[in-house]
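Undergrad: Before I ask anything, here is the structure I am working with.
What follows draws every value from the coordinates through simple rules; no lab data is involved. Values in this document were obtained by computation on a predicted structure and should not be read as measured data. All Cβ positions, glycine included, derive from the backbone under ideal geometry; neighbour counts span all protein chains shown.
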Ligand SMILES: [Zn+2]
C-alpha cells in the first residue's frame, strides 16, 4: 500500500502497490488521479533513451547515406518504437 493525495480535492488515501504508475479514482470526490510509480523515473529514462537513440540513428543514416534514407530510417524506427510502446 502507498499513500496517495488526490490531485483534485487533496484527500489522502491508500492505494494498492499494483496501481503505482497508473490511475485510480479518488474515494472522496471520485475524480481520476495519477498514482506516482516507482517505475516512473526508469520509464521516463527509457523513453528519453529511445528518443535520443532514434534521433541519433536517423541523423547517422542521413549523414552517411543521405536525407531520403535518413527519413526512411526515422520513419521505420519511429514505427518500431511505437509498436514496442504499444506492447506495454
Ligand atoms: Zn479527490
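Undergrad: Just want the ordering: 85, 58, from fewest to most Cβ atoms lying within 10 Å of their own Cβ. Display every interim value, and only then the final one.
TA: Details: 85 11, 58 20.
Going from sparsest to densest Cβ surroundings: 85, 58.
Undergrad: Does anyone have the angle between helix 67-87 and the longest principal axis of the chain? Alpha-carbon axes, 0 to 90°, nearest 10?
TA: 30 degrees
Undergrad: How far is helix 40-65 tilted, in degrees, relative to the longest principal axis of the Cα atoms in the chain, given as a value from 0 to 90 rounded to the nearest 10?
TA: Tilt relative to the chain: about 10 degrees.
Undergrad: With contacts defined as alpha carbon pairs under 8 Å and 6 or more residues apart, what's the relative contact order of the chain in percent?
TA: Result for the chain is 16 percent.
Undergrad: When you have a sec, figure out the Kirkwood radius of the range 15-57 from all distinct Cα pair distances and drop it here in Å to one decimal? The partial results should precede the final answer.
TA: Working: mean 1/r = 0.0827 Å⁻¹.
Its Kirkwood hydrodynamic radius stands at 12.1 Å.
Undergrad: For the range 40-87, what value does the Rg/Rh ratio take when both radii are computed over Cα atoms and Rh is the Kirkwood radius, given to two decimals? Working shown, then result.
TA: On the way: Rg = 11.8 Å, Rh = 11.1 Å.
Result: Rg/Rh = 1.06.
Undergrad: Suppose we look only past 17 Å in the calculated P(r) of the chain. What percent of the Cα-Cα pairs does that tail hold? Mind showing how you got there, number by number?
TA: Details: 2354 of 3828 pairs.
Roughly 61 percent, once rounded to a whole number.
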